[in-house]
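K.L.:
Starting off with a structure, shown below.
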Amino acid sequence: MTDSSRASTLLRDSSGDPTMTQASTTETPAAIRADVRDLKFWYGKFQALNGVTMPIHDRKVTAIIGPSGCGKSTLLRCFNRIHDLYPGVRYEGQINLAPENINLVEKGIDPILVRLLVGMVFQKPNPFPKSIYENVAAGLYVRGIRNKTEVEGRVEEALRQAALWNEVKDRLTKPAFELSGGQQQRLCIARALAPKPKLLLLDEPTSALDPIATAKIEELMDSLVKDVTILIVTHNLAQAARISKFTAFMHMGNLVEFGETEQLFTNPTVTQTQDYVTGRFG
Amino acid sequence: MAGGFSERRIVATAKVQDLTFAVLGVIVLFFAMAMLATLVADLLIDGLGRINAQFLTDFPSRRPEEAGILSAWVGTSLVMFVTALLAIPLGIGAGLYLEEYAAKNWLSDLIEINVSNLAGVPSIIYGLLALGFFVYGLGLGQTVLVGGMVLALLILPIVVVATREAVRAVPSGLRESAYGLGCNRWQVVWSYVLPSARPGILTGAIVGLSRAIGETAPIITIGALTFIAFLPPSPIQAAPPFLNFDWLNSPFTVMPIQMFNWTSRPQAGFHVNAAATGVLLLGMTLIMNGFAIYLRYHLRKGQRS
Amino acid sequence: MSQTLDEGSTFAALRDSGFLRRGRILARVMQVILFACAALSVVITGAILWVLISESWMFFRQIPLVAFLTDTEWTPAFTNARYGILPLLTATLWAAGIAMAVATPLGLVLSVYLSEFARPRVREVLKPILEMLAAVPTVVFGYFALLFLTPLAKQFIPGLSGFNLLIPGFVMGIMILPYVVSISEDAMRAVPMTLREGAFALGMSRWRTAFSVVIPGAFSGVTAAYLLAFARAVGETMVVAIAAGQNPNLTGDPREGAATITAYIVQMSLGDLPHGTLAYSTIFATGLVLFLITLAFNVLGFVLRRKFREAY
């Protein structure tokens with residue numbers, strides 16, 4: 001077996017028939033995709049996270065909300081160790097990723113392997129200066145998947161998942177920069193989806209987009225969550241309420257409250273949460 | 001209104017001052033441009049008529065009208081080939097390391113100060129380095145290889161600085177998304193950073209090579225001969241392996257040295273030859289720089305859209 | 001745990017993938033190679049110092065340092081050879097000084113004009129022209145100085161020799177002008193717009209603003225430009241080697257010709273210079289002096305420039 005085909009067999013996520021997936025999801029509603037335990041994080045001497053403990057439920061949208069500077073993006077960026085690009089950062093605690101219960105933030109774990117397991121979409125759409133096709137295929141190439149038929153199939157699949165296929169299928173070789181802002185962001189989502197991540201991180205993915213493009217992405221998340229576990233940071237409370245099943249409210253590096261979105265927004269147990277979701281501060 | 005009057009006067013004075021200075025600026029500018037134009041015109045008048053097939057295909061001679069620059073332009077081509085082959089990869093490598101890899105520590109600081117210091121070292125000092133180290137220290141002699149090496153060292157800082165600037169201009173979002181996809185550092189650098197920085201690096205490489213083409217002092221210092229009446233062995237041969245590297249070990253001369261040599265002769269006939277060589281040198285460097293400027297202009301336009 | 005979670009690529013599979021392992025190895029190897037490229041600059045500096053010092057050592061074993069620094073004659077080719085660097089040094093400083101006398105005022109006017117007066121469109125046309133001026137090979141400038149400007153200037157300046165320090169100095173001034181302008185204009189443009197706005201709000205003209213706000217604000221950057229330019233003029237070779245003559249001459253008159261340090265090195269290199277002789281070591285001893293002078297000005301310029309960059 002050639003290496004690339006072996007890698008692709010190893011790395012293939014047999015998401016299979018969507019109806020099957022849905023059925024199995026309903027059978028196991030309580031499955032946990034990632035388990036965050038007492039996670040602490042430092043930028044140099046500054047402690048940005050003071051012990052966060054929360055579950056990330058499988059194939060659900062979990063939203064992280066909170067005022068600016070509360071640590072919500074910091075928390076999100078721990079999940080694929082993107083912090084490691086900058087000097088002087090330090091983690092303590094655990095983010096255990098199912099099914100192997102690998103602690104993503106453990107020192108001995110290669111951040112590159114973490115990023116191969118966990119996909120990320122950034123605040124500003126940042127497609128590569130390449131063609132639409134090359135953008136989506138980029139994540140496959142990194143994993144050694146080079147078989148043309150397979151790459152083509154998975155590019156199409158990812159673009160369909162990101163609800164972009166119909167808009168770009170006739171111009172896959174065109175530069176990604178020719179797309180509109182909203183399309184670029186969906187392209188970035190497709191790029192993250194193509195390698196079938198265990199967890200998809202979205203860092204305020206709609207903050208740079210207009211309302212129509214935003215609505216499209218929110219709609220997209222609804223359909224995606226059948227196949228993927230999504231963790232999203234948003235400063236838009238209404239968005240969190242609309243799209244997420246679970247919500248975590250953070251303030252000054254602390255997880256103040258975590259719960260089902262409906263309960264957290266309508267009947268929070270902590271006054272601070274109530275003040276924030278009703279707009280009294282933040 | 002007295003106040004209005006004096007305000008108006010202040011405004012008027014300011015305008016006169018500004019105009020005066022603007023005129024001064026334009027005068028200085030025209031002066032600089034006039035020097036460049038005079039220099040070009042002087043060379044063209046003296047030397048353009050001398051450029052013909054005989055001039056390009058003959059070896060140097062004691063009679064100015066029979067002399068040519070064949071060995072000089074062949075030497076320049078071979079030396080520049082070696083220089084480009086050494087300076088471009090080494091310079092890009094150093095620039096990439098300093099921008100993408102180097103941690104903030106004393107070693108990176110040392111390297112950084114070193115590079116900017118090397119940029120200011122006079123070219124003739126590089127010549128002394130090559131004479132003492134390459135020619136005698138390593139025993140390489142006064143060859144094409146040594147000429148290419150010394151010019152490569154000389155333009156290395158130019159390529160390094162250009163690479164660093166081009167790499168720094170690559171948006172950090174591009175890096176983050178590539179790392180976010182699971183690329184390792186080399187993949188990020190090779191597949192994303194380098195392609196984006198390519199035009200800027202190319203500009204720097206061209207500017208560096210154009211400087212090397214006209215550089216005379218270090219080549220004189222290593223003891224390159226001014227009178228060469230033969231060509232280095234051809235790099236291509238009929239028998240396998242078809243490539244021949246003997247030319248690297250051949251003595252050589254280059255165009256700026258030929259020009260220097262002819263300028264220093266008392267006979268006016270040689271001065272004409274010098275001017276003709278100067279026209280060719282100037283033409284090459286100006287075309288290379290013009291191309292670099294054009295590239296950069298396009299690059300900037302590309303970034304705007 | 002649910003079975004759906006167990007599908008697909010696992011951490012273990014990724015960790016053991018041969019493709020990824022080879023990628024990691026390549027990344028390591030490339031990091032080492034790139035580091036070697038960067039470290040080469042340190043090696044080059046080390047090699048320069050080593051060559052200059054070790055070869056000069058040969059020289060100073062035979063010629064006392066005091067004689068080298070105080071003797072007023074440089075006659076290594078004579079039977080009664082004298083090795084005083086002063087004639088070479090003064091000629092070097094004369095030529096560089098004349099270059100600075102030309103480049104300083106012109107550079108100041110031009111950089112203020114480009115940074116404060118010229119419209120962006122004008123600047124986009126002018127800067128490439130200056131770059132073209134900077135691209136002219138020095139040997140061409142030498143030709144221009146010796147065979148065009150000197151004969152021309154002889155008609156206006158009485159007593160000007162065919163080889164002299166004045167004309168090459170002047171040509172070097174024009175030559176380093178683009179360099180001065182580029183660095184000091186960068187420095188001036190880095191002065192925050194708010195400072196200028198403050199001055200304009202007081203009713204100052206552009207001219208007054210430039211001289212009372214922008215130049216003081218960019219002072220260390222502009223000074224750095226002149227220090228770096230001076231180092232360049234001191235180390236410049238071909239113009240003086242061609243047009244200033246090759247005769248060591250301790251003179252106070254720039255209309256006379258005199259060999260600079262660089263011209264001397266060129267002159268010796270052109271002749272037959274047997275390795276290991278005292279004559280051979282003279283070019284390294286004089287080269288060391290040249291290197292130390294340029295190093296001092298370069299380091300000073302570098303420090304000032306860095307300080308300036310940190311300020312804004």
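K.L.:
Tell me which chymotrypsin sites (Phe, Trp or Tyr not before Pro) from region B:159-252 have a DSSP coil assignment and no more than 16 other beta carbons within 10 Å of their own.
P.N.:
Values: sites: B:TYR179, B:TRP186, B:TRP190, B:TYR192, B:PHE227, B:PHE230, B:PHE242, B:PHE245, B:TRP247, B:PHE252; in loops: B:PHE227, B:PHE230, B:PHE242, B:PHE245, B:PHE252.
Within region B:159-252, the qualifying chymotrypsin sites (Phe, Trp or Tyr not before Pro) (loop, at most 16 other Cβ atoms within 10 Å) are B:PHE227, B:PHE230, B:PHE242, B:PHE245.
K.L.:
Among B:ILE111, B:MET33, C:VAL191, which residue has its Cα furthest toward the positive end of the charge dipole of the protein assembly as shown, with +1 on Lys/Arg Cβ and -1 on Asp/Glu Cβ?
P.N.:
The residue sitting most towards the positive pole is C:VAL191.
K.L.:
Checking a compactness column here: for region B:22-79, what do you get for Rg(Cα) / (2.2 N^0.38 Å), N being the number of residues?
P.N.:
1.71
K.L.:
A further question follows. Return a whole-number percent for the relative contact order of region A:142-266, with Cα pairs under 8 Å and 6 or more residues apart as the contact set.
P.N.:
19 percent
K.L.:
Now, a different point. How much mean residue ellipticity at 222 nm does chain A get from its helices, if each DSSP H run of length 4 or more adds -39500 (n - 2.57) and you divide by all residues, to the nearest 500 deg cm²/dmol?
P.N.:
Calculated from helices alone, the mean residue ellipticity at 222 nm is -11000 deg cm²/dmol.
K.L.:
I've got another one for you. Per residue of chain B, what 222 nm ellipticity follows from adding -39500 (n - 2.57) for every DSSP H run with n ≥ 4, rounded to the nearest 500? Working shown, then result.
P.N.:
Working: 11 runs with 206 residues, N = 305.
Calculated at 222 nm, the ellipticity per residue is -23000 deg cm²/dmol.
K.L.:
For region C:172-267, which semi-axes, largest first and in whole Å, follow from the square roots of 5 times the eigenvalues of its Cα gyration tensor?
P.N.:
40, 13, 9
K.L.:
Could I ask something else about it? Please work out the Cα center distance from region B:55-86 to region A:238-259, rounded to the nearest Å.
P.N.:
75 Å
K.L.:
As an exercise, identify the chymotrypsin sites (Phe, Trp or Tyr not before Pro) in region A:188-282 lying in DSSP coil whose Cβ has no more than 14 other Cβ atoms within 10 Å.
P.N.:
Of the chymotrypsin sites (Phe, Trp or Tyr not before Pro), the ones in loops of region A:188-282 whose Cβ has at most 14 other Cβ atoms within 10 Å are A:PHE281.
K.L.:
For region B:40-129, what does the relative contact order come out to in percent, with C-alpha contacts under 8 Å and a separation of six or more?
P.N.:
Result for region B:40-129 is 12 percent.
K.L.:
With an 8 Å cut-off on Cα pairs and a minimum separation of 6 or more residues, tell me the relative contact order of chain B in percent.
P.N.:
On the way: 376 pairs, mean separation 76.6, N = 305.
Relative contact order of chain B: 25 percent.
K.L.:
Right, here's the next one. Need one number: nm distance between label points at A:ASP222 and B:ALA22, each 7 Å from Cα along Cα→Cβ, rounded to one decimal.
P.N.:
If labels sit at A:ASP222 and B:ALA22, their model points lie 6.1 nm apart.
K.L.:
May I pose another question? Based on alpha-carbon centroids, what's the gap between region C:78-147 and region A:203-224 in Å, whole number please?
P.N.:
Comparing the Cα centres of region C:78-147 and region A:203-224, I get a distance of 59 Å.
K.L.:
Along its principal axes, what span do the Cα atoms of the protein assembly as shown show, with the longest given first and each in whole Å?
P.N.:
That works out to 104, 97, 55 Å along the principal axes.
K.L.:
For chain C, what is the calculated [θ] at 222 nm in deg cm²/dmol (nearest 500), taking -39500 (n - 2.57) for each run of four or more DSSP H residues and dividing by its residue count? Show your work: numbers first, answer last.
P.N.:
On the way: 14 runs with 217 residues, N = 312.
Rounded to the nearest 500, the figure is -23000 deg cm²/dmol.
K.L.:
Follow-up. Filter the trypsin sites (Lys or Arg not before Pro) in region A:181-282 to those in DSSP coil with at most 16 other Cβ atoms within 10 Å of their Cβ, and list the result.
P.N.:
A:LYS226, A:LYS245, A:ARG280
K.L.:
Using a Cα-Cα cut-off of under 28 Å, which lysines could be cross-linked to B:LYS15, ignoring same-chain neighbours fewer than 8 residues away?
P.N.:
In chain and number order, the partners are C:LYS127.
K.L.:
Would you work out the Kirkwood radius for region A:159-243? I mean one over the mean of 1/r across all pairs of different Cα atoms, in Å. Write down the numbers at each step before the final one.
P.N.:
Details: mean 1/r = 0.0753 Å⁻¹.
Kirkwood radius, region A:159-243: 13.3 Å.
K.L.:
List every residue whose amide H lies under 5 Å from the amide H of B:PHE252, counting only residues 5 or more places away in sequence or on a different chain, with H placed 1.01 Å from N in the peptide plane.
P.N.:
B:LEU225
K.L.:
Okay, next question. Over all directions, average the projected area of the Cα convex hull of chain A and note it in nm².
P.N.:
Numbers: hull surface 61.3 nm².
Value for chain A: 15.3 nm².
K.L.:
When the expected Rg is taken as 2.2 N^0.38 Å, what fraction or multiple of it is the alpha-carbon Rg of region C:86-311? Mind dumping the intermediate values first?
P.N.:
Working: Rg = 19.8 Å, N = 226, 2.2 N^0.38 = 17.3 Å.
Rg over 2.2 N^0.38 Å, computed on Cα atoms: 1.15.
K.L.:
Kindly state, as a whole number, the per residue volume in cubic angstrom of the convex hull around the alpha carbon atoms of region B:51-300.
P.N.:
161 Å³
K.L.:
Next question. Check the straight Cα-Cα distances from A:LYS198 and name the lysines below 19 Å, setting aside those fewer than 8 residues away within the same chain.
P.N.:
A:LYS60, A:LYS226, A:LYS245
K.L.:
Something else: Based on the Kirkwood radius over alpha-carbon pairs, what value in µm²/s does the Stokes-Einstein equation return for the translational diffusion coefficient of region B:2-48 at 25 °C and 0.890 mPa s? Walk me through the numbers on the way to the answer.
P.N.:
Details: Rh = 13.5 Å.
D, rounded to a whole number, is 182 µm²/s.
K.L.:
Sticking with this one: Modelling each spin label as a point 7 Å along the Cα-to-Cβ direction, I'd like the C:LYS154/C:TRP57 distance in nm, to one decimal.
P.N.:
It works out to 4.8 nm between the two label points.
K.L.:
Under a 10 Å cutoff between Cα atoms, tell me which one of B:VAL207, B:VAL74, B:VAL40 has the largest fluctuation in the Gaussian network model of chain B.
P.N.:
Most flexible of the set in this elastic network: B:VAL40.
Read-outs throughout are calculated quantities, based only on the coordinates presented, and are distinct from any laboratory measurement. The structure displayed is predicted, hence computed values, not measured ones. Methodologically, a virtual Cβ is constructed for each residue, glycine included, from the backbone with ideal geometry; neighbour enumeration extends over all protein chains shown.
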